[in-house]
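Working notes, structure below.
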Amino acid sequence: MLRIAICDDIYDARLQLRANLERLLACRGTEGIFYEFTAGETLLRWMNTHAGEVDLIFLDMKMGELDGMETARRLRQADASVQLVFVTSYTDYVFDGYSVGALGYLIKPPKPEALEEILNRTLSILYQNENKTFFCRYGDVTYRIPYHKIRYFASERRKITCVTRERTFTFYDKLDNVAEQVGSQFVRIHQRYLVYAPAVDCISANEVHIGDEKLPISRSFRQTAMLALTRAALED
């Protein structure tokens, strides 16, 4: 599944781009979820609460108050891993795209082969990062969360909260299942807590410090947790 956002103030341009992308995805048997925005400001407001919920963003360069380049710069602050592509009638800023790590710069209307290349590169990047990314689903939303952004997982009955530097993600699962999925970089310190070892700032006999938060180390996990966290600190 590929989650795609299209930001363009022209309805026909959004409609045509989405139709072409849907056709290409259907040909390869890949499901696509689309989000449409008419302005950079609207997209940025949405991203403030939905970072990690989109894989690829197509940006028009010339829009209302906020142009595509400035939108891209601010998007990088909200989600550094999202793939950005400019779709525009202008070639003036083609080299500026590199400053925000753009995946491509397409001239309107983008040719099918150019869109195909963008999809290939996006899916390749997502595949390469799979073993460094946590996947979870809540309702109709699937999150892809890079490990390096995660601070810890907290469990409350069947509900898991994934705490990152920017926001929290909530989904239903067992913490045992999460621990099995993420591997040895994450350490169980309590029946309710699974921490990302590189995120731990300080360890004491009874708790770990992650940023401004203190999480308890339970007696049953103390020995294995201390060994694992100490080993991770030495390897860092």
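The values are calculated or read from the model by the stated rules, or taken from the named source; none is laboratory data. Nothing here was measured: the structure is a model prediction, and the numbers come from that model. Glycine gets a Cβ as well: all are built from the backbone with ideal geometry, and neighbour counts include every protein chain shown. Only protein heavy atoms, including side chains, enter the accessible area calculation; ligands, DNA and RNA are left aside. Shrake-Rupley method; radii C 1.70, N 1.55, O 1.52, S 1.80 Å.
A compact table of results
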| item | result |
| --- | --- |
| Excluding exposed DSSP-loop GluC sites (Glu not before Pro) (at most 15 other C-beta within 10 Å), longest clean stretch of the chain | 66-165 |
| Carbon and sulfur %, accessible surface of the range 1-156 computed with the full protein complex present, 1.4 Å | 50 percent |
| Spacing of the two label points (7 Å from each Cα toward its C-beta) at LEU123 and ASN20, in nm | 1.8 nm |
| Solvent-accessible area per residue for the range 137-180 (1.4 angstrom probe, square angstrom) | 56 Å² |
| 5 angstrom amide H check on THR164, placed H, neighbours 5+ away | ARG151, PHE169 |
| Helix runs (DSSP H) in the chain reaching 30 Å along axis by Cα, Kyte-Doolittle at least 0.5 | none |
| Share antiparallel - DSSP beta bridges, the chain, percent rounded to 5 | 60 percent |
| 37 °C / 0.692 mPa s Stokes-Einstein diffusion coefficient of the range 1-100, Kirkwood radius on C-alpha pairs, µm²/s | 239 µm²/s |
| Kirkwood-based Rg to Rh ratio, the chain, C-alpha trace | 1.05 |
| Normalised convex hull volume, the range 53-173, alpha-carbon set, Å³ per residue | 128 Å³ |
| 19 Å tail of the calculated P(r), the range 149-236, as % of Cα pairs | 31 percent |
| Non-local Lys pairs in the chain, i.e. 8 or more apart or on different chains, that have alpha carbons under 23 Å apart | 11 |
| Paired Rg and Dmax values of the range 149-189, which use every Cα atom, in angstrom | 9.7, 24 |
